[in-house]
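The values are calculated or read from the model by the stated rules, or taken from the named source; none is laboratory data. Every value quoted in this text rests on a predicted model; they were computed, and no experiment measured them. Neighbour counts are summed over all protein chains in view; Cβ atoms, including those assigned to glycine, are modelled from backbone coordinates with ideal geometry. Side chains are part of the model used for accessible areas, which takes the heavy atoms of the whole protein and leaves out ligands, DNA and RNA. Shrake-Rupley method; radii C 1.70, N 1.55, O 1.52, S 1.80 Å.
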Amino acid sequence: MGSSPAPVRIAHLGLGAFHRSHQAWYTDAVTDEWGIAAFSGRRSTAADVLAGQGGLYTLIERGADSDRASVVASIVEATDGSRVDRLVEVVAAETTALVTLTITEAGYRLTSDGRPDETDPIMAADLAGGVPISALGRLTVALEARRRTGAPIAVVPCDNLPSNGPFLRSGVLAIATRRDPRLAEWIETNVSFVSTSVDRITPRLTEDERAVAGRLGGWLDAAPVVTEPFTDWILSGEFPLGRPRWEDAGARFVDRIDAFEHRKLWLLNGAHSLLASLGVVRGFAVVAEAIVDPVCRASVLEFWREARRALDDETLGLDEYCTALLGRFENPRIRHELAQIATDAAAKLRLRVVPTARAEREAGRDAAGCATAVAAWIATVRAGRSGADSASDAIAASEGDLRALVAILDSDLAADRAFLDTITNALTNLQKESS
């Protein structure tokens with residue numbers, strides 16, 4: 001903890017617990033030559049606290065039976081995300097080789113085809129000019145400064161979006177074209193957008209866990225992170241100015257990433273979204289409680305059967321993956337709150353459940369597992385227990401109407417009378433099982 005910090009080679013947008021349990025941990029595990037300048041989101045709290053600790057924090061890997069603590073030192077600068085001037089300086093520096101992002105699915109503020117969502121007031125304000133507010137607006141301004149240096153750079157999104165590299169590229173190019181078509185041309189040639197699949201369950205911190213961090217780490221830490229021992233990172237793309245040897249900590253680099261993305265997005269994240277609503281309906285607060293409930297567990301297994309048909313790839317080891325997922329979900333010492341997962345549920349269901357539902361319906365099957373996930377969400381919406389959601393205006397406008405709520409997720413499914421009937425049956429069953 002007394003050594004000199006590493007030089008800044010990575011800029012990061014989205015200074016949350018997941019970044020610190022994942023990309024920052026991987027970087028710390030393999031090198032002391034690649035420092036991260038991390039920028040918070042719309043609130044500066046995380047940056048303020050970490051800056052006061054020189055970027056150092058305790059990472060607690062919480063297994064079913066024991067804990068292991070380590071101090072992570074890869075974040076060498078923590079800055080309020082509103083400091084666009086500092087982000088511009090970092091990204092423009094030729095010594096900076098890449099930018100990573102963990103801004104959540106909703107944080108991209110893009111439509112499903114990767115265009116800026118002009119109905120989003122923050123994105124609309126950015127497109128109108130002035131100091132950017134959104135993460136992608138800030139990134140685009142920083143890349144504009146990078147263009148003046150001429151050096152290429154890699155941009156690495158680490159959020160649960162399919163084909164997140166091309167998706168981010170499309171959005172940034174659209175924003176850049178509005179600002180200056182020459183910037184868009186430069187980005188097309190000089191910026192590599194790397195696709196990733198990321199995985200490590202990282203729940204919100206409790207006060208008890210803060211005390212554990214102090215005991216295990218041996219110092220007073222105001223920003224510890226608790227996570228599970230399991231971690232996975234798969235990447236596909238080019239790094240024109242190099243990168244840390246993340247593979248030495250277990251990351252994998254592949255030519256095609258889509259199957260791995262779908263495996264994680266549909267099986268892990270899809271099951272999480274199902275549990276986030278169904279578990280609340282059943283009276284549970286955390287994943288470990290919900291997954292041992294017979295109704296929740298049976299619903300997850302039914303949903304997985306449908307998702308696995310859509311995956312249908314022997315190289316993915318789906319039996320082993322699903323078995324491991326159940327063990328991870330059951331870890332009683334990881335308090336992964338359902339309310340945390342339920343944030344922005346509509347956007348998450350659109351990515352995690354809708355693709356499987358569409359595949360099942362196109363194959364002539366009823367998609368009952370997917371219907372249960374949607375029905376559970378609708379039940380929480382109608383009960384006023386669905387949590388914060390970027391689609392809150394559309395949800396409110398629906399007035400709880402079944403077809404209108406499904407239309408927020410997917411217009412084709414909302415026009416599918418048989419699927420709507422399956423959701424209605426699932427809602428009836430949920431009411432019976434919860435009464």
How many residues are farther than 20 Å from Asp28 by Cα and not in a helix (DSSP H, G or I) if we restrict to region 212-263? 9
Answer yes if at least one residue in region 133-141 is over 17 Å from the mean Cα position of the chain (by Cα), surrounded by fewer than 20 Cβ atoms within 10 Å (Cβ to Cβ) and of a type in the set (Lys, Arg), and no otherwise. no
Please pick out the residue among Val141, Val198, Val172, Val155 that is more than 24 Å from Gly270 (Cβ to Cβ), in a strand (DSSP E or B) and among the aliphatic types (A, V, I, L, M). Val155
Residue tally, condition open to solvent by less than 80 Å² (accessible area, probe 1.4 Å), more than 23 Å from Ala363 (Cα to Cα) and of a type in the set (Asp, Glu), over region 308-321: 0
Residue selected from region 254-284 under the condition within 21 Å of Thr231 (Cα to Cα) and over 18 Å from the mean Cα position of the chain (by Cα), by the criterion least open to solvent (accessible area, probe 1.4 Å): Val254
Criterion: over 28 Å from Asn190 (Cβ atoms) and of a type outside the set (Lys, Arg) - qualifying residue of Gly130, Gly54: Gly54
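Residue-wise test of (1) at pLDDT 95 or above; (2) assigned to a helix (DSSP H, G or I); (3) out of contact with any helix residue (DSSP H, G or I) (no Cβ under 8 Å at 6 or more places or on another chain).
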position	(1), (2), (3)
Arg385	no, no, no
Ala396	yes, yes, yes
Arg403	yes, yes, no
Asp412	yes, yes, no
Thr422	yes, yes, no
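Kindly evaluate Ile334 against the criterion of being β-branched (Val, Ile, Thr), more than 20 Å from Ala307 (Cβ to Cβ) and open to solvent by 20 Å² or more (accessible area, probe 1.4 Å). If you could, list the steps in order and put the result at the bottom.
On the way: β-branched (Val, Ile, Thr): yes; more than 20 Å from Ala307 (Cβ to Cβ): yes; open to solvent by 20 Å² or more (accessible area, probe 1.4 Å): no.
No: the conditions fail for Ile334.
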Helices (runs of 4 or more DSSP H) wholly inside region 1-94 that include at least 2 residues being of a type outside the set (Gly, Ala, Ser) and surrounded by fewer than 20 Cβ atoms within 10 Å (Cβ to Cβ): 45-51, 84-92
Search result, residues across region 343-361 that are open to solvent by 20 Å² or more (accessible area, probe 1.4 Å) and closer than 16 Å to Leu420 by Cβ: Arg358, Arg361
Single condition Leu161 does not satisfy, out of (1) buried (at least 18 other Cβ atoms within 10 Å of the Cβ); (2) assigned to a helix (DSSP H, G or I): (2)
Residues of region 120-134 being under 21 Å from Phe193 (Cα atoms) and in a helix (DSSP H, G or I), which ones? Met123
Within the set of pairs 6 or more residues apart or between chains, which connect a residue that is within 17 Å of Ala324 (Cα to Cα) and in a helix (DSSP H, G or I) inside region 288-310 to a residue that is open to solvent by 60 Å² or more (accessible area, probe 1.4 Å) and acidic (Asp, Glu) with Cβ atoms less than 8 Å apart? Ala288/Glu330
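Let's see how each residue does on (1) out of contact with any helix residue (DSSP H, G or I) (no Cβ under 8 Å at 6 or more places or on another chain); (2) farther than 12 Å from Ile175 by Cα; (3) among the small types (Gly, Ala, Ser):
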residue: Arg86; (1), (2), (3): yes, yes, no
residue: Val91; (1), (2), (3): no, yes, no
residue: Thr95; (1), (2), (3): yes, yes, no
residue: Leu101; (1), (2), (3): no, yes, no
residue: Asp113; (1), (2), (3): no, yes, no
residue: Ala124; (1), (2), (3): yes, no, yes
residue: Ala128; (1), (2), (3): yes, no, yes
Working carefully through the options Ala93, Ala97, Ala69, find the one that is over 23 Å from the mean Cα position of the chain (by Cα) and more than 29 Å from Glu209 (Cα to Cα). Ala93
Please work out which residue is nearest to the chain's Cα centre (by Cα), limiting yourself to region 176-228 and to residues that are of a type in the set (Val, Ile, Thr) and open to solvent by 30 Å² or more (accessible area, probe 1.4 Å). Thr206
Go through region 1-28 and report how many residues are in contact (Cβ under 8 Å) with a residue 12 or more places away in the chain and closer than 11 Å to Ala73 by Cβ. 8
Restricting the search to region 99-119, which residues are surrounded by fewer than 20 Cβ atoms within 10 Å (Cβ to Cβ), assigned to a loop (DSSP other than H, G, I, E, B) and in contact (Cβ under 8 Å) with a residue 40 or more places away in the chain? Ser112, Asp113, Gly114, Arg115
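Going by what's in this entry, would Ala324 be described as open to solvent by less than 20 Å² (accessible area, probe 1.4 Å) and either among the basic types (Lys, Arg) or under 29 Å from Glu209 (Cβ atoms) (or both)?
It is false that Ala324 is open to solvent by less than 20 Å² (accessible area, probe 1.4 Å) and either among the basic types (Lys, Arg) or under 29 Å from Glu209 (Cβ atoms) (or both).
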